[in-house]
Structures are given as C-alpha cells and as structure tokens.
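Note sheet for the following structure.
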C-alpha cells in the first residue's frame, strides 16, 4: 500500500476499479429494475402469475430505488472525480443520463400515455348526447334513481372512469 | 363496474398494465394492483380484497335511451376524441390475436362473444350466436346450494342482453318472445302476461310484477373462462337441466 504518493488517499489507485464497477452496477441494476416490468407487462404477450407479481414488486420499489441509486451514483462520482482522467470524467455524465431517465420513468404511468385518463367525467342529457349513435353500445347503471350510460367506444379507450353515481363512488371499467 | 370504496376508503383507479389481455388497475391511494374483470386485489396492501360489483347492463344506446329518458351520458373527452374506437370496433377486435392457450377440444373459438353469468356459485355461458338464433334461452343454473330457473334474452337490436330469474311468487314460468313486435315483448306460457325487456309485467294477470335481474357480462370466451373455470357452455337446442323442487 502506498499512502504517501497521492493526495486522493480514500480512493487510492489500487481500489479505484471497485468504485467504477459499483458505478456501473448501480446504473445497470436500476435500468433493469425499471425495464423488466415494461417488457413483462406488454399487450399481446402472455403473462405468468409470477411475472406479474415480480413486475408489481419492481414497479412498487423503483421510485424509491432510483432515487437512492442516483444519490449513491453522485456520491461515487464525487469520490472519483478528482483522480479521474478525461475518459472517466466523460463516462460519468454518460452513465448519469440513463440513470436520470429511469428515475423519471419510474414515476410515470406509460399506459396512461397511450390511453389518457379522463380528468373529469362530464355528462350530457340522454336526449342531447350527439356523440353517441343509436347502435353504439353503452354500459348502463342505475343507482338511487340516477341512470348513467358509459358509451363503450369511449370506455374502450379510457378503460377506467372514476365518478359518483346516485351518491355512490364508483369505477366504470371496460 | 365497481364500487370504489374498500373498507370505508375511497379509491381512485388507474389503468396500470395488462395481464393476459385483461387489464390491471392500480389505485393511487394504496398502490394495490387489481384485476379488472374480477375486481380482485392481486398484489399490494389490499391483496385478497375484492371490489363490490355494481351491476350494469350492456345495451345499445337506443334501447337505453328508450328506458331512461332522464338519464345522463358520459361526454367524450375532446382532447382524445380522435383516439376513440370507430363504429366497427367489434369486428376489428374479433380479429385480434389471442395469446392464452387454446384448448383444441373447446366447443367455442376464443373470440366468440358470450353472455356469462354466475348464479349459486355456478357459471354459465351463452354464446351470442346461439342467442341470435333462439333470442331467448330458458335455463336452470345452480349446484347443491340451490338451483335458479332463469332466462337470458337478446334485444331486438341483436346486441343488448339481459337475464332474469323466471320464478314469480314461487312459480316457475316459461318465457317466450312475442314474434314480430318492436320494442321486444315477452310472454309466459302459464299466465300469458306480457313482459317488457326490463323484466316488468306490463299487462295481463301478473301486471305490475318485476322479474329479478341477473347480472350478465358480455365477454370474449377466452377471457371469461380464465376467471370462471368450470363454466357450463350452453349449446343450441339443449333443454334446460332439471330444477330440483
């Protein structure tokens, strides 16, 4: 061990590769964590019960894990920066980019990018609903005398509508 | 269609994924994942809970409007209107792939539309093609927990389906569709009462009586059978199994 030759005592040359490896592993781990559920939970693919369960776990923890990974990553960068040469200094932002991307993605619901949720449910009177054809299907409910129709063509896009019908909070799904 | 309160807590649901072509929803309050078709919590803090179903009809707009002049209709979202399904969406969907395993001995093709119902813990499925031919099917559905005489009927729009119990005051009736009448009218062999599509006796000896509605879901066969294994599939011309006294 040569502790006198260099001022960066904490990250002395011999141990630096471990920090670089950690940097890579941190990024690889959270990228995998965020990417796996995207590939498992894909339309027109079969899902297994275990696949769905693991996707749930990964989605559940990825918002927290990505932030923790980012903090860890930046800490490692600070430790490595001073002793690093230019290729190393370039590698740091290059690795940070995917890390930030997945940190952001972990907070997104990409299914709602494709199928926008309905911000507020507005209604028309039965006789004034110009957007619905007579032959269109509707999902109809009646609670406490409040009769509401959810046109299937709209529901097949939004999939979920949260609202109150006849004083009861309901969720229409299709 | 579900009640969105679970144990006194109001949940707000979002589309959150897909599980073998049936979607997964997530509530923003607890983060639990729910299966849309069954209302069951699959994973998360509320795992094992089940949402309470709100019975809904699937009707044509014309038929619903006829029955609910004072009703209200969900308005389209102007921002995404162009993404809504086109009028021919049913034909389009019927051609989509099915990714769940297909049983070669299955009487029905995966994308056959069925009207499914569950009574006394027993599931029964009535293929839409059979309903289109016979319009009204008399059946008895049940197990040792009890048998319920019922019928399922297709509206004169060829799309709207309703099911009702066919016992009135302890007497089981045989229902028929009156031919050539629009809107559709039903009658029973025992009393010759006239009934409408809402299950109400409009004239005749039993006028004023209301049949008890049974929740029937229109679904693709491949999807229904995943969540209702052991479903009895009705075949055209089959006579209803005997109801025990």
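Would you mind finding the one in A:139, A:155 that is closer than 30 Å to residue B:157 by Cβ and assigned to a helix (DSSP H, G or I)? Before the answer, list the steps.
On the way: A:139 fails: assigned to a helix (DSSP H, G or I).
A:155 is the lone residue from the list that is closer than 30 Å to residue B:157 by Cβ and assigned to a helix (DSSP H, G or I).
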Going through the stretch B:194-216 in order, the residues found to be within 15 Å of residue B:153 (Cβ to Cβ) and either touching a residue at least 60 places away in the same chain (Cβ under 8 Å) or assigned to a loop (DSSP other than H, G, I, E, B) (or both) are B:197, B:198, B:199, B:211, B:212, B:213, B:214, B:215, B:216
Restricted to the stretch A:132-144 and to residues being surrounded by fewer than 16 Cβ atoms within 10 Å (Cβ to Cβ) and facing chain B (nearest Cβ under 7 Å), the residue nearest to residue B:78 (Cα to Cα) is A:133
Residue count, the stretch A:152-169, condition over 30 Å from the mean Cα position of the chain (by Cα) and within 7 Å of chain B (Cβ to nearest Cβ), comes to 1
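Residues being part of a loop (DSSP other than H, G, I, E, B) and either on the phi > 0 side of the Ramachandran plot or more than 7 Å from chain B (Cβ to nearest Cβ) (or both): count how many of those fall in the stretch A:122-131. Give the steps one after another, and end with the answer.
Just the residues of the stretch A:122-131 that are part of a loop (DSSP other than H, G, I, E, B), to begin with: A:122, A:129-131.
The next check asks that each one be either on the phi > 0 side of the Ramachandran plot or more than 7 Å from chain B (Cβ to nearest Cβ) (or both); those that pass are A:130.
Qualifying residue count, the stretch A:122-131: 1.
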Considering only strands (runs of 3 or more DSSP E) wholly within the stretch B:1-62, the ones with at least 2 residues that are more than 7 Å from chain A (Cβ to nearest Cβ) and touching a helix residue (DSSP H, G or I) at 6+ places or on another chain (Cβ under 7 Å) are none
Within the stretch B:71-83, the count of residues that are in a loop (DSSP other than H, G, I, E, B), closer than 30 Å to residue A:144 by Cα and within 7 Å of chain A (Cβ to nearest Cβ) comes to 4
Exactly one of A:50, A:94, A:32, A:121 is touching a strand residue (DSSP E or B) at 6+ places or on another chain (Cβ under 6 Å) and either over 21 Å from residue B:13 (Cβ atoms) or crowded, with 16+ Cβ neighbours inside 10 Å (or both), and that residue is A:121
Restricting the stretch B:87-104 to residues that are more than 7 Å from chain A (Cβ to nearest Cβ) and closer than 21 Å to residue A:172 by Cβ, the one nearest to the chain's Cα centre (by Cα) turns out to be B:90
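Could you tell me which of the residues A:149, A:106, A:65 is facing another protein chain (nearest Cβ under 7 Å), surrounded by 14 or more Cβ atoms within 10 Å (Cβ to Cβ) and modelled with pLDDT of 95 or more? Before the answer, list the steps.
Numbers: A:106 fails: facing another protein chain (nearest Cβ under 7 Å); A:65 fails: facing another protein chain (nearest Cβ under 7 Å).
Exactly one of A:149, A:106, A:65 is facing another protein chain (nearest Cβ under 7 Å), surrounded by 14 or more Cβ atoms within 10 Å (Cβ to Cβ) and modelled with pLDDT of 95 or more, namely A:149.
For the stretch A:120-128, state whether one or more residues are touching a residue at least 40 places away in the same chain (Cβ under 8 Å) and closer than 27 Å to residue A:167 by Cα.
First, pick out the residues of the stretch A:120-128 that are touching a residue at least 40 places away in the same chain (Cβ under 8 Å): A:121.
Now restrict to residues that are closer than 27 Å to residue A:167 by Cα: A:121.
For the stretch A:120-128, residues touching a residue at least 40 places away in the same chain (Cβ under 8 Å) and closer than 27 Å to residue A:167 by Cα: present.
The values are calculated or read from the model by the stated rules, or taken from the named source; none is laboratory data. Quantities reported herein were computed from a predicted structural model and do not represent experimental measurements. Cβ sites come from the backbone with ideal geometry, for glycine too, and all protein chains shown count toward neighbours.
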